[in-house]
Amino acid sequence: RIRDYIQTKIKDIKEEEKSFNNILPQLTKKYNHLKLKTNVEVFLGMEGFKTAFTIFFEESKKDKNLYVQGIVSKEKYPKYFEWLIYEVYNKRKELKLNTKKIVSEEARNESLYSKDESKIKYLPFPLMTGIELLGEITMLQLVSIEPFVIILIRNKDLTEDLKRQFEFLWKIAKE
């Protein structure tokens, strides 16, 4: 009797193992999809700024359309920020990004923001937090504080939602 019982249990365990092995690939795929769905990284200071942009610009291999909003008059930024902007703009040109920017109306006469040959429109809404969208990455820039804080969020749904919001604002912004 014990032998029959053990044989039955072995058979049951083998059937369970077979079922488990059948669904394991699906579970693994689902887990990996969830695991990769969102990734958030925070960068601080000037070196963090450079590192964040290096990672951000890697996304240009998938997408050449860059959306930027939250640009105000340059005197609201730290003085040394302007040379960082030139580095970023040169990289945008090198990567041949199609850049659209929504800039605060208060910065309309500042030539700095058109140095990367971007398309620019204006809204009477100063936004101190910069938002850049490229591929599946959203970049948030808090550069009016020390040290700078740059947040990269890799999430396709979030970035697509913000791109739709950008396109809506683009339609009502003035040239």
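The values are calculated or read from the model by the stated rules, or taken from the named source; none is laboratory data. On a predicted model such as this, the values are computed, not experimentally measured, just so you know. FYI the Cβ positions are ideal-geometry reconstructions off the backbone, even for glycines, and counts take in every protein chain you see. All accessible areas refer to the heavy atoms of the entire protein, side chains included, with ligands and DNA or RNA removed. Shrake-Rupley method; radii C 1.70, N 1.55, O 1.52, S 1.80 Å.
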Discussion item. What's the magnitude of the charge dipole for the chain around its Cα centre, counting Lys and Arg as +1 and Asp and Glu as -1 at the beta-carbon? Answer in Debye, nearest 20.
Written reply: 680
Worksheet, complete the sentence: Projecting the Cα atoms of T38, I10, L27 onto the charge dipole of the range 1-56, where Lys and Arg contribute +1 and Asp and Glu -1 at Cβ, the residue farthest towards the positive end is I10
Worksheet, complete the sentence: Placing +1 on each Lys and Arg Cβ and -1 on each Asp and Glu Cβ in the chain, then taking the dipole about the Cα centre, the residue among T51, T129, T159 whose Cα reaches farthest towards the positive end is T159
Discussion item. So if I place +1 on the C-beta of Lys and Arg and -1 on the C-beta of Asp and Glu, and nothing else carries charge, what would the dipole magnitude of the range 1-53 be about its Cα centre? I want it in debye, nearest 20.
Written reply: 240
Worksheet item: Given a Förster radius of 41 Å and the C-beta distance between E58 and N21 as r, what FRET efficiency does 1/(1 + (r/R0)^6) yield to the nearest 0.05?
Response: 0.65
Fill in: With DNA, RNA and ligands ignored, accessible area of V88 (1.4 Å probe; Å², nearest 10)
10
Practice prompt. Using 0.36 nm per residue of separation minus the Cα-Cα distance, give me the extension gain between I13 and L142 in nm, one decimal.
Written response: 40.8 nm
Discussion item. Under 8 Å for C-alpha pairs, at least 6 residues apart: give me the relative contact order for the chain, rounded to a whole percent.
Written reply: 27
Worksheet item: How much area per residue is accessible in the chain when the probe is 1.4 Å and only protein heavy atoms are counted (Å²)?
Response: 65
Practice prompt. Just the number, please: carbon plus sulfur as a percent of the accessible area of the chain, 1.4 Å probe, no ligands or DNA/RNA counted.
Written response: 56
